[in-house]
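Note sheet for the following structure.
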Amino acid sequence: MSIRAIRIAAAVAFVALAPGALAQPQGNADAGSKKASMCQGCHGVEGYRIAYPAVYAVPRLGGQHPQYIVAALQAYKRGERPYATMRSIAASLSDQDMADLAAYYGQGAQRSAMAK
Amino acid sequence: MNRKFRIAAIVALAAFGYAGVAAAGNPAQGREKSKPCAACHGDTGMSSAADFPRLAGQHADYLERALREYKSGVRKNPVMAGQVTSLTPADMADLAAFYASQQGLTTRR
């Protein structure tokens, strides 16, 4: 194979693969609702507080930006957020799981707030 | 002060101490202090940019803890690490109280 042919092949491969490597899976809210059972034990209970390592309310997720939810889950998976329970849960999720859960929780902001 | 009241006061104090609850923030003060936050998080915490979380309607104690974690460095985010350096514990409580008082996020059941 000539140098020129290798160059062309490399360019084609780069163009073909680069977008795929960057693309995030599309989230599906219905699929997310079926995967959310382990989340809902805490995040689905209004005012639910964890007791360890300190007592504070688990965050409300309804209406959060899906892209931000995925970023938060990825940060837990990388260990950039300290809460141990969420680290282990995030570590068990695939990119598709994260996208689906994010799509599910992304729905549900208060309508009055959306108008602002 | 009667005896029952004293006992109730001690129990309440113990409960608050256990919860690690700081002095409750002042939402009006928090609104004033939130001006620098608005560029990313929106005037009331309903950010329109997907990279930045919505804060409106979030639980105050969760928001306060997140700010403290950014400041201590256990929660890592380069943008927020820079923003929290000048915040006092009272600032954090006020900001948390302000965003918690706004309408936005809900508990999805």
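The values are calculated or read from the model by the stated rules, or taken from the named source; none is laboratory data. The structure presented is a predicted model; accordingly, all values stated were derived computationally and were not measured. Every residue, glycine among them, receives a Cβ derived from its backbone with ideal geometry; neighbour counts consider all protein chains shown.
Brief remarks follow.
- Scan the stretch B:61-94 for residues that are of a type in the set (S, T, N, Q) and assigned to a helix (DSSP H, G or I) and the total you get is 2.
- Residue pairs whose Cβ atoms lie under 9 Å apart, sitting 6 or more positions apart in sequence or on different chains, and linking a residue in the stretch A:82-94 that is among the small types (Gly, Ala, Ser) to a partner that is in a loop (DSSP other than H, G, I, E, B) and buried (at least 18 other Cβ atoms within 10 Å of the Cβ), are A:90/A:81.
- Those residues of the stretch B:35-51 which are surrounded by fewer than 19 Cβ atoms within 10 Å (Cβ to Cβ) and within 7 Å of chain A (Cβ to nearest Cβ), in sequence order: B:50, B:51
- Boolean, residue B:61 is touching a Gly at 6+ places or on another chain (Cβ under 7 Å) and modelled with pLDDT of 95 or more: no
- Output for the stretch A:86-116, where each listed residue is among the aliphatic types (A, V, I, L, M) and either modelled with pLDDT under 95 or in a loop (DSSP other than H, G, I, E, B) (or both): A:93, A:109, A:113, A:114, A:115
- Among residues of the stretch A:47-65, those that are within 21 Å of residue A:112 (Cβ to Cβ) and modelled with pLDDT of 95 or more, counted: 7
- Qualifying residues in the stretch A:73-116 (those that are over 20 Å from residue B:77 (Cα atoms) and facing another protein chain (nearest Cβ under 7 Å)) - the one surrounded by the most Cβ atoms within 10 Å (Cβ to Cβ): A:105
- Residue within the stretch B:62-80 that is buried (at least 21 other Cβ atoms within 10 Å of the Cβ), in contact with a Leu (Cβ under 6 Å, 6 or more places away or on another chain) and within 14 Å of another protein chain (Cβ to nearest Cβ) present: no
- All positions within the stretch B:46-71 that are within 13 Å of the chain's Cα centre (by Cα) and of a type in the set (A, V, I, L, M, F, W, C): B:55, B:56, B:60, B:63, B:66, B:67
- Inspection of the stretch A:51-69 finds a residue satisfying the criterion of being at the interface with chain B (Cβ under 7 Å from one of its Cβ atoms), more than 25 Å from residue B:71 (Cα to Cα), touching a residue at least 12 places away in the same chain (Cβ under 8 Å) and more than 10 Å from the chain's Cα centre (by Cα).
- Selection count, the stretch B:95-109, where residues are part of a helix (DSSP H, G or I) and crowded, with 24+ Cβ neighbours inside 10 Å: 5
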